[in-house]
Amino acid sequence: MACVNPDGTLTASASSILRALTSPATPDQVARATDLPLYRVRSGLREMVEAKMATEHEGLYERTDLGAAKSHA
Amino acid sequence: METERNTSQPATSLPRLGQPAPMFEAVTTHGVLKLEDFKGSWLVLFSHPADFTPVCTTEFLGFTQLYPEFKKRNVALLGLSIDSIYAHIAWVRNIEEKFGVKVPFPVIADLNKEVATAYGMIMPGESKTETSRCVFVIDPEGIVRAMIYYPLTTGRNMNEIVRLIDALQTADKYKVATPANWQPGDKVIVPTPNTQEMAEERVAKKGEYELVDWYFSKKTLSKTGV
């Protein structure tokens, strides 16, 4: 995974994406909040969902308890 | 009589202008990316023959130098070569070390040649194992709008790619065409009449445009574009 280091810690961009999910947000909103390119946010959110750090419902992303814990670790 | 096919070679396709770009999901230096991740922005997908080669390095420096111009125009850049992800990472780090330039865009590591094959990037007459210097301009809806093919020997002109983007975006926005060597601010081509009635009206209204003949009119785009 591009967002999770081999030791389980998150990359800076992954942490930034999760921190932007304090409330449900679209990829566009996360891109504006993090100043990351939209393609990178879409890819990162896909990985966060796969790693169970975020969930997606009708285009809105929300972080899980695991995601919240990881983003502040 | 049906020709025998060499089933050991993958079928090579070539994208067509005006048609959807071939979908892909690929390992890149910025993680796994799909074509749909770029929806909503323009995309310049470009291939280079190999990492750690001199012409390719000058092209990466050129694309990086013009990155702000692409970004200003809502254009994402995405490189590709048939090299491993580790070669890509080592190369962009080497470029930063030797040239002081950090490559900001992702590069596809297309070791299984899947994307290269879908986009017709391999020219066997040049090389069976490396992509030629191909450029695909894909619009925000995922449609291929322009293609450029350059040989292994010859580095591309990034200013021309920016100019091409300007021309396409101007054509889309103002429903005009652009003449040879057009630069932003130059006169644009008014679309040619395609009925006899329209041709007569065009000639009758010649004061509105710089008219040479019914099929050849130019105009200046005002600040409002009208």
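Is it fair to say A:Y39 is outside any helix (DSSP H, G or I), touching a helix residue (DSSP H, G or I) at 6+ places or on another chain (Cβ under 8 Å) and aromatic (F, W, Y)?
no
Would you confirm whether or not region B:100-118 contains a residue that is of a type outside the set (G, A, S), surrounded by 14 or more Cβ atoms within 10 Å (Cβ to Cβ), under 25 Å from B:T29 (Cα atoms) and outside the structural domain of B:T53 (by TED's automatic domain parsing)?
no
When you look at A:L45, is it within 14 Å of chain B (Cβ to nearest Cβ), within 23 Å of B:A26 (Cα to Cα), modelled with pLDDT of 90 or more and not in a helix (DSSP H, G or I), yes or no? Give the steps one after another, and end with the answer.
Working: within 14 Å of chain B (Cβ to nearest Cβ): yes; within 23 Å of B:A26 (Cα to Cα): yes; modelled with pLDDT of 90 or more: yes; not in a helix (DSSP H, G or I): no.
Against the criterion (within 14 Å of chain B (Cβ to nearest Cβ), within 23 Å of B:A26 (Cα to Cα), modelled with pLDDT of 90 or more and not in a helix (DSSP H, G or I)), A:L45 does not qualify.
Counting just the residues of region B:29-48 that are crowded, with 22+ Cβ neighbours inside 10 Å and more than 9 Å from chain A (Cβ to nearest Cβ), which one comes out nearest to B:R73 (Cα to Cα)?
Ranking the candidates gives B:V44 first.
Residue-by-condition table, conditions (1) away from chain A (no Cβ under 14 Å); (2) in contact (Cβ under 8 Å) with a residue 60 or more places away in the chain:
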position	(1), (2)
B:G18	yes, yes
B:T53	yes, no
B:Q65	yes, yes
B:V75	no, yes
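Those residues that are away from every other protein chain (no Cβ under 11 Å) and within 26 Å of B:F24 (Cβ to Cβ), I need them from region A:17-34; list them, please. Full working, then the answer.
First, pick out the residues of region A:17-34 that are away from every other protein chain (no Cβ under 11 Å): A:17-26, A:29-30, A:32-34.
Once the filter is applied, which keeps residues that are away from every other protein chain (no Cβ under 11 Å) and within 26 Å of B:F24 (Cβ to Cβ), region A:17-34 yields A:I17, A:T26, A:V30, A:T34.
Restricting region A:1-15 to residues that are loosely packed, with under 10 Cβ neighbours inside 10 Å and more than 17 Å from A:K52 (Cβ to Cβ), which is farthest from the other protein chains (Cβ to nearest Cβ)?
A:D7
Take B:V101 and tell me if it is out of contact with any Cys (no Cβ under 8 Å at 6 or more places or on another chain) and either within 14 Å of another protein chain (Cβ to nearest Cβ) or at pLDDT below 95 (or both).
no
Report, ordered by the first and then the second residue, all pairs with beta carbons closer than 9 Å, sequence separation of six or more or different chains, a first member in region A:45-60 that is farther than 17 Å from B:L33 by Cβ, and a second member that is outside any loop (DSSP other than H, G, I, E, B) and among the hydroxyl-bearing types (S, T, Y).
A:M53/A:S71; A:A54/A:Y61; A:T55/A:Y61
The values are calculated or read from the model by the stated rules, or taken from the named source; none is laboratory data. Everything numeric here is computed off the predicted structure, so don't read it as measured data. With ideal geometry, Cβ positions are generated from the backbone for all residues, glycine too; neighbour counts draw on all protein chains shown.
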